[in-house]
Structure formats: C-alpha cells, structure tokens
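As structure tokens, the structure follows; a few thoughts come after it.
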Amino acid sequence: MEIEWKEDHLLVGQKKYFIETPLALDLFFTKVAWEVAFLPYRLQSFPPPLQERFEKIARGVRFTLSEYSDFGCRVFHNVYKNLLLDKPFTHLSSLQDGYLDIPAIICGAGPSIKKEELQLKKLQDKGLIFAGGSAIKLLKTMGIKPHFAAAVDKVALVDPEAIPFFYQKRVFPQVLQKANGPFLSAPPSPGYPLEEWMDQKLGLPGGTLDSGWNVVNFLIQIARYLGCRPIVLVGVDHTSEQGMVQEDFFLSADWMKEVAALDKKRLYNACKKGLSFGDDVGIVSLKDLDFPTKKFSFAFQTQRIEKGEKRKLLEEIGQSLKRCALGMFEDEPLYTEWLQPLWEVWRPVIFRIGGDPKVHEIAFYQQAIEEHQKVIDEF
C-alpha cells in the first residue's frame, strides 16, 4: 500500500485523509498509522522530517499492538504471580526527591561500557550508579557494585547479591525470585488500567509511571523521580557490537528525546556512537566528570501486604471476569479497567475486516475473557 503526502491530505491507497490543521499533525499521523498497522506500506513524497515523524508514530503503534497481542495475558500472569510473593517492599512514592541533586550514572550493557571501567570506579562514591538488566553482572565482573538495580525481562542477569532493586509488578517473576532486594516497587506503566485499580484496592498510592520501552528508560524515570541531577548514560549505545539496531531501540531513543525536551540540561550521554537521542541530551566524556564525594543513605521504610488480602483481590478479579463472561459488564472492573481499554486498542485493526462491528466486538470479548480465565485459573 502506498501512503502519499499531498499538500492538504494523505492518500492511503485510494482513501483520502484530510489534514484539518498542522497543529494536530501527530494525531492525524496516529490515526493513519492505526489504519495501516500490520499492512505493508511505502511512503511517497513525504518531506524527510515528516517521514521520520510518521515512522516514529507507526513504530509506536506496531509495538503497542504487539504488547496487547495476547490480550495482556503475559503481563497479568506476571502481575498476579508477583503479587503473591511474600516479600516486604518500599513504594516509590516514599522516595520522591530522596536523592535531590545527586548525580545518577545509569549503566546499560552496550559495548562502550567496557571502556569506562576505570572512570566508573572513580565515580562510585560521587554519584549513584544504576545498573539495568544484563549490566548488573557486567558491572560485577568489573568489580563495581551498583547502588541501585532494575530489570524488566526474563533474560536479565540478576545478581543475587543484596542491591536495592526497582521493579514494576509486570516484571518476569524469575527476576524477583533471584533478586535479594531491598525491593523498591514502582507504580505500573500506563496501558493497563487494571494494574492501577489493583494498587488502589491494596491501599497503595495511585498513579502510573511511564517507564518507556526498556530498562534504561525505566531507570531514567526512577532517577528523575528521586531528584537526581545530572543523569548520565553509560553503555547505552542502543546498538550491538556489530552495529545492529533493533526496532525497540528506536522507540527507546524517541522516548528519551521527548523526556529530555521536557527536562532540559539534565540528561547526558557518555557514548559518542550509536543512536542519537536528540539535541537535548548532552554529550559528555566520563573522564571529564568530577562530582563532590557523597554519603548516601539507603534506609527504606518497608511494608508488607497480607497474603489473605492478596488472595481476596485475586478472587474479586476472578468473580468479575466470570460476570463479564455472562455479558454483565456494567460497573465491572474487569470490563472498565481491562476489557474495554483493550478493545479500544484493537478496534481500528479489527474493523478493517468488515462485517457487523458489534459481532466483532462480542467475539473479541469472548476470546479475551477465555484467555484471561486461563491465567486466573493458575492462581
């Protein structure tokens, strides 16, 4: 399918999409990106800046659909299993601005970090070192113990040594099982309102945390929340040793550009190669950085949620799901906080099939409920 740029509209195949105002261009591109999701397309006559803008939005749409491709079953399997872990934790809300104006050094596992071993050791008592995922064990091989760690996927190499560990409940359970903590619980990411509803039912502070697309994005948000300044990225090449760039790296880079534009002169990158994170992310050399020596406090106020309270919540979710299966949607949390938002994501794609929209919607609900019931049945 060809998407051709015209002066006042886009021609998508044979269909015209008129541009009402340039101020709403991102919303306009988003609508078109949803219409062509999962379809092969070619952009024609786009000015280069607008082509880049459209591709950025289209990448986000593709990854959003990928995230929801299993109706969120993987995410909620992790959420439910981690909910039942009997470990004390500290909620992120109690740490806001707890490390105000202390430098944060966020380490990824990119190839360039191997050149920074000496400089990282010099900065160990001058700034907070954060390690994400595979960087945790990589730093250990260098003899560097991070002050904080985090991971988001099941292949993350989590060191069992006690390190304050940030996580969201959707993290793979194996990660939390291997880590020793202290455990620092962050609010859920936007996208699944059911997670936020669960936190509220458990008496936890509401709200969400936009954790981006990977563990480095997550740690940047954590460092910002803690009040750290400046925030320096090390080993965040967003390329492999062979120079390969995964599509999610582009999404992560786009996310960092947006954050840096909102929070200027705070985010810096010590890697001069790899993807660009935009003009608002300063380029620095780690060897040129010198901060005053600091003493850091790691005293956390912990809390624990009773097992019975967690079980009661899972039972409430299960009962709500059963009522949804009977078509009883009104005021049901599984409908308002999960099923309906999920349908809104997939609706533009499913409607391309044609036929009766209501039939498609009911069939979608039935399939989603069946799959989520399988997850609930495990607990």
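Figures for the structure shown
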{"quantity": "Test set (1) under 27 Å from D125 (Cβ atoms); (2) surrounded by 12 or more Cβ atoms within 10 Å (Cβ to Cβ); (3) basic (K, R) - K272 fails condition number", "calculated": "(2)"}
{"quantity": "Neighbours by Cβ (under 8 Å, 6+ apart or cross-chain): first from the range 323-343, farther than 15 Å from I362 by Cβ and surrounded by fewer than 21 Cβ atoms within 10 Å (Cβ to Cβ); second at pLDDT 95 or above and small (G, A, S)", "calculated": "E332/S320; P333/S320"}
{"quantity": "Criterion: in the same structural domain as Q373 (by TED's automatic domain parsing) and at pLDDT below 90 - qualifying residue of P348, P341, P333", "calculated": "P348"}
{"quantity": "Odd one out for G227, checked against (1) more than 14 Å from the chain's Cα centre (by Cα); (2) within 30 Å of P341 (Cβ to Cβ); (3) at pLDDT 85 or above", "calculated": "(2)"}
{"quantity": "Only one of Y80, Y99 that is closer than 30 Å to V375 by Cβ and surrounded by 18 or more Cβ atoms within 10 Å (Cβ to Cβ)", "calculated": "Y80"}
{"quantity": "Verdict on D279 being in the same structural domain as E371 (by TED's automatic domain parsing) and assigned to a loop (DSSP other than H, G, I, E, B)", "calculated": "no"}
{"quantity": "Any hit, the range 147-162, residues being crowded, with 16+ Cβ neighbours inside 10 Å, more than 26 Å from E315 (Cα to Cα), modelled with pLDDT of 90 or more and of a type outside the set (A, V, I, L, M)", "calculated": "yes"}
{"quantity": "Matching strands (runs of 3 or more DSSP E) fully within the range 110-189 where at least 3 residues are in the same structural domain as N214 (by TED's automatic domain parsing) and of a type in the set (F, W, Y)", "calculated": "165-167"}
{"quantity": "Single residue of the range 295-308 satisfying the filter (of a type outside the set (A, V, I, L, M) and surrounded by 14 or more Cβ atoms within 10 Å (Cβ to Cβ)) that is farthest from A270 (Cα to Cα)", "calculated": "T302"}
{"quantity": "Residue among G133, G143 that alone is at positive phi and surrounded by 19 or more Cβ atoms within 10 Å (Cβ to Cβ)", "calculated": "G133"}
{"quantity": "From L83, L25, residue being in contact with a Leu (Cβ under 9 Å, 6 or more places away or on another chain) and either modelled with pLDDT of 95 or more or under 25 Å from V152 (Cβ atoms) (or both)", "calculated": "L83"}
{"quantity": "Check on V171, under 18 Å from the mean Cα position of the chain (by Cα), at pLDDT below 90 and not small (G, A, S)", "calculated": "no"}
{"quantity": "Any hit, the range 100-109, residues being modelled with pLDDT under 90 and farther than 29 Å from M198 by Cβ", "calculated": "yes"}
{"quantity": "Residue check, D199 under 23 Å from K312 (Cβ atoms) and either assigned by TED's automatic domain parsing to the domain that holds Q340 or charged (D, E, K, R) (or both)", "calculated": "yes"}
{"quantity": "Some residue of the range 243-262 being more than 23 Å from the chain's Cα centre (by Cα), under 30 Å from A223 (Cβ atoms) and part of a loop (DSSP other than H, G, I, E, B)", "calculated": "yes"}
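The values are calculated or read from the model by the stated rules, or taken from the named source; none is laboratory data. The shown structure was predicted, so the numbers you read here are calculated from the model rather than taken from an experiment. Ideal geometry is used to build each Cβ from the backbone, glycine not excepted, and the neighbour counts take in all protein chains shown.
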